[in-house]
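Asks: My questions will all concern the structure given below.
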Amino acid sequence: MKYELPISKDNNSYEKSVEKPLFEKLSVFSGKKFGFLARKPVLSDEFVKSFDLLEWKFKPSGVIAFSRLTAILILISFSLASVFSETPVILFVIGLALALASIQLITEFPKDMARERVKTGLEFAPEVLTNIIVSLKQNPNLEEAFEFASKFSSGLFVKDVKKLLNSVLRGETSSLYDELPKLAYQWGEYSNGLKRAVYYISESFNESHEARRLGMLDKALEIVIKDSIQMTREFNSKLFVPALMLFSFGTILPLIIVSLLPLTSFFGASDLLLKIGSLLILSLVGVFLYSRKILKDRPPTFSIIKIPETVDMPKKGFMRIKIGKKVLDVKPWPYLLSLLVLVGFPGWVFLIGSAPQLGLTNNFFSFLVKELNTLTILWGVGLSICLWAYGTSYHKKGLRDKAKESEAEVIDASYQLSNKLAENRSPESAISFISKTMSNTSIGRLFGKAARALALQNLGLEEIFFGEKGLIKKIYSEKARSLITVFVKSTSKGNKNSSEIVFTSADFFSKINEADKELKNLLQKNLSMMQSTAMFFSPMICAMIVGLQKVITNTVSTAQKGLLSGGYAFVSIPFFQFIPINIGILQLIMGLYALTLSLILISFVSRIVWGDDEVMLKTDVAKASASAIMVFTLTLIITNFLI
């Protein structure tokens, strides 16, 4: 009978995030109904290869048709709008820019997704190699090592490991050893260090001296870690100039221009708000596209914390709420839209018409409409984004924090276990020792339960940790589960061998964590100023522009009325051609710009530092949206009070 190790798509944390059914549906629809827009398209090798990597079954020409159809619809919409506008040229230029941007984004989408999927696979590669190497140190059996890595690793790289293992189990391949060069060549295109590491693993089977064999296995992991650090350092050294360009021309320069534009109102310039809005939209499009271009060169860091699939989590895109003892997973959009309407209601009334015209004459509500007006819309938008990002990630963030904590604790416990085993103490005694020395930690309490089960229930270690009610199910980190498994499995090899194996495993994972910390520190140094700009300086400057324009408008309008009442009306003088700006609309434009710019820059920083980590991205977005709106509001209040 032939056996096959099951391959679960859920094993790859990124696969869930790259599934884009809507994108596929729109591409298929465009290809079928508007295929003439993409007849005989010239497709790059990377574009075609991305479809194979993502395992998409529809034709690549459908994406081209979708991009061109979107661009045409945008151009038609803005062309029709320009017919009824006093500034048709501005609207047409905006439409043209958005149409070109849509073509760029849609056609690049498959390549970006494939590129990120490979990077995610590389981020998990050190963890996969660690599990393979640890298993090979215990027993130089490649099939057993691949199976162990498949159970306790994630990512695209381990999926290829599973495929090779299944090909052997099905009898399609005679030897895994013969397939190792293919695996090295396949991933060598993306990482020279990973390719060399696989070759070292392969060569270790030809080494007859045990010490040298173990040394080659150690060297394999060391190569991958050093290669990742080197790539990150090279990227970090090149990041300064692009980050400065993004910071200067994408944020500071547009704000300077916008701060000067209100002065043109002294000379009777019309449609000033439209010009400001148009400039800011084009600026945001440019910042977004340039940030994506920089992200393409981002090297892989190290593995995202993977929560085991057995742990109960909210459905993707749902928020989990607890009412009493009842836990519900709900779709957030109806609640967030309601929040946007309710919180922003005074602002919507301001945009539609005055409160008395709508029959809303309450003094307090009239005050909100008059004084706060569109600021309430900004509150609604910012609060909705913040709650969406936080609500769909906080549960996973809590589990990940526990997983991160358990990783550190299990590594520490493993060092202590190794030490006690080296003293020739029994595994049961070593577990009891850990339960006392680490009694204030979750792992210490877990080992305490194991110690009691060993003493009172007369159960074996495998039954206690891996049985139907196994304690390993209470550990949320796959790395931690892997270390516990290594310890339990190694106890059958004697205390000396078990001590060496447990120490080596803990040391490997410790080195990976240290390297991960070093990489993130390297990347954050160049991005700290951009992060501060996104969360504080940009909203502050935008609010000051609104406050200053409000002072200018009120002062000039009062002066004009005074002069006109005295019989002075020199219409040829620029001062008397002053056209007041609607402060409520300007406030809305600048607030939305500050919020959007903040989200784009924070997303960029998060992607650079954390890679394709959706949980950390949403956590950063929640903080950034709340910070941008708070800073914008407080600056407005302070500006109105001081000026």
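Asks: Please report, ordered by residue number, the helices (runs of 4 or more DSSP H) entirely within region 1-119 with at least 1 residues that are at pLDDT 85 or above. Steps first, please.
Replies: Details: elements: 13-18, 21-33, 45-54, 61-83.
Passing ranges, in order: 21-33, 45-54, 61-83.
Asks: Pairs only if they're at least six apart or on different chains, beta carbon under 9 angstrom, first in region 606-621 and of a type in the set (Ser, Thr, Tyr), second modelled with pLDDT under 85; list them, first residue then second.
Replies: 606/613; 619/393; 619/394; 619/397
Asks: While we're here: Identify all residues within region 98-122 that are over 30 Å from residue 189 (Cα atoms) and open to solvent by 30 Å² or more (accessible area, probe 1.4 Å); write none if there are none.
Replies: The answer is 98, 100.
Asks: Considering only region 229-269, how many residues are in contact with a Lys or Arg (Cβ under 7 Å, 6 or more places away or on another chain) and at pLDDT 70 or above?
Replies: The initial filter retains those residues of region 229-269 that are in contact with a Lys or Arg (Cβ under 7 Å, 6 or more places away or on another chain), namely 235, 261.
With at pLDDT 70 or above added as a condition, the list becomes 235.
Of the residues in region 229-269, 1 are in contact with a Lys or Arg (Cβ under 7 Å, 6 or more places away or on another chain) and at pLDDT 70 or above.
Asks: Next question. Being surrounded by 17 or more Cβ atoms within 10 Å (Cβ to Cβ) and in contact (Cβ under 8 Å) with a residue 60 or more places away in the chain is the filter here, so list the residues in region 24-50 that pass it.
Replies: Scanning region 24-50 gives 47, 50.
Asks: Kindly indicate whether any position in region 624-635 is in a helix (DSSP H, G or I), within 30 Å of residue 156 (Cα to Cα), out of contact with any Leu (no Cβ under 6 Å at 6 or more places or on another chain) and open to solvent by 20 Å² or more (accessible area, probe 1.4 Å).
Replies: Just the residues of region 624-635 that are in a helix (DSSP H, G or I), to begin with: 624-635.
Now narrow it down to the ones that are within 30 Å of residue 156 (Cα to Cα): none.
Among the residues of region 624-635, not one is in a helix (DSSP H, G or I), within 30 Å of residue 156 (Cα to Cα), out of contact with any Leu (no Cβ under 6 Å at 6 or more places or on another chain) and open to solvent by 20 Å² or more (accessible area, probe 1.4 Å), which makes the answer no.
Asks: Test of understanding: among 226, 219, which residue is out of contact with any Phe, Trp or Tyr (no Cβ under 6 Å at 6 or more places or on another chain) and either at pLDDT below 85 or among the basic types (Lys, Arg) (or both)? Before you say what the answer is, go through the steps one by one.
Replies: Values: 219 fails: out of contact with any Phe, Trp or Tyr (no Cβ under 6 Å at 6 or more places or on another chain).
Only one candidate qualifies: 226.
Asks: Here is a follow-up. Testing residue 403 on (1) more than 27 Å from residue 433 (Cα to Cα); (2) open to solvent by less than 50 Å² (accessible area, probe 1.4 Å); (3) of a type in the set (Gly, Ala, Ser); (4) modelled with pLDDT under 90, one condition comes back false. Which one is that?
Replies: (1)
Asks: Further question: So which pairs qualify, if the first residue must be in region 319-330 and within 15 Å of residue 394 (Cβ to Cβ), the second must be loosely packed, with under 13 Cβ neighbours inside 10 Å and at pLDDT 75 or above, the Cβ gap must be under 7 Å, and the two must be at least 6 apart or on different chains?
Replies: 321/328
Asks: Would you check which residues across region 51-61 are closer than 14 Å to residue 117 by Cα, open to solvent by less than 30 Å² (accessible area, probe 1.4 Å) and either among the aromatic types (Phe, Trp, Tyr) or without any contact (Cβ under 8 Å) to a residue 12 or more places away in the chain (or both) and list them?
Replies: If we filter region 51-61 for residues that are closer than 14 Å to residue 117 by Cα, which is where we start, we get 51-56.
Retained after the next criterion (residues that are open to solvent by less than 30 Å² (accessible area, probe 1.4 Å)): 51, 54.
Within region 51-61, just 51 meets the criteria.
Asks: Hey, among 281, 304, 352, 321, which residue is of a type in the set (Val, Ile, Thr) and modelled with pLDDT of 80 or more? Full working, then the answer.
Replies: Details: 304 fails: modelled with pLDDT of 80 or more; 352 fails: modelled with pLDDT of 80 or more; 321 fails: modelled with pLDDT of 80 or more.
Exactly one of 281, 304, 352, 321 is of a type in the set (Val, Ile, Thr) and modelled with pLDDT of 80 or more, namely 281.
Asks: Restricting to region 87-138, what's the tally of residues that are more than 29 Å from the chain's Cα centre (by Cα) and under 30 Å from residue 229 (Cα atoms)?
Replies: 6
Asks: Could you tell me whether any residue of region 128-143 is open to solvent by 10 Å² or more (accessible area, probe 1.4 Å), within 22 Å of residue 515 (Cβ to Cβ) and part of a helix (DSSP H, G or I)?
Replies: Scanning region 128-143, I find at least one residue that is open to solvent by 10 Å² or more (accessible area, probe 1.4 Å), within 22 Å of residue 515 (Cβ to Cβ) and part of a helix (DSSP H, G or I), so the answer is yes.
Asks: Filter region 136-147 for residues that are farther than 16 Å from residue 173 by Cβ and touching a residue at least 40 places away in the same chain (Cβ under 8 Å) and give the result.
Replies: Hits for region 136-147 are 136, 137, 138, 140.
Asks: When residues of region 467-503 are filtered for being open to solvent by less than 70 Å² (accessible area, probe 1.4 Å), under 18 Å from residue 131 (Cα atoms) and either of a type in the set (Val, Ile, Thr) or part of a helix (DSSP H, G or I) (or both), how many remain?
Replies: Taking region 467-503 and keeping what is open to solvent by less than 70 Å² (accessible area, probe 1.4 Å), we get 467, 470-472, 475-488, 490-491, 494-495, 498-499, 501-502.
Next, only the ones that are under 18 Å from residue 131 (Cα atoms) stay: 472, 475-488, 490-491, 498-499, 501-502.
With either of a type in the set (Val, Ile, Thr) or part of a helix (DSSP H, G or I) (or both) added as a condition, the list becomes 472, 475, 478-488, 490-491, 498-499, 501-502.
Qualifying residue count, region 467-503: 19.
Asks: Hey, another quick one. Quick check on region 179-213: of everything there that is part of a helix (DSSP H, G or I) and closer than 16 Å to residue 141 by Cβ, which residue is most open to solvent (accessible area, probe 1.4 Å)? Talk me through it step by step, then tell me what you get.
Replies: From region 179-213, those part of a helix (DSSP H, G or I) are 179-188, 192-204, 210-213; that's our starting set.
Then drop every residue that is not closer than 16 Å to residue 141 by Cβ, which leaves 179-180, 201-202, 204, 210, 213.
Values: 179: 25, 180: 5, 201: 6, 202: 16, 204: 4, 210: 95, 213: 18 Å².
It comes out as 210.
Asks: Here's something else I'd like to know. For the structure I just gave you, tell me whether residue 550 is modelled with pLDDT under 85, among the basic types (Lys, Arg) and either within 15 Å of residue 259 (Cβ to Cβ) or open to solvent by less than 70 Å² (accessible area, probe 1.4 Å) (or both).
Replies: yes
The values are calculated or read from the model by the stated rules, or taken from the named source; none is laboratory data. Note that the structure is a prediction, hence the values are computed from the model and not measured. A quick note on method: Cβ atoms are made from the backbone with ideal geometry, for glycine too, and the neighbour counts reach across all protein chains shown. When the accessible area is computed, the model is the full protein with side chains, heavy atoms only, and any ligands, DNA or RNA have been set aside. Shrake-Rupley method; radii C 1.70, N 1.55, O 1.52, S 1.80 Å.
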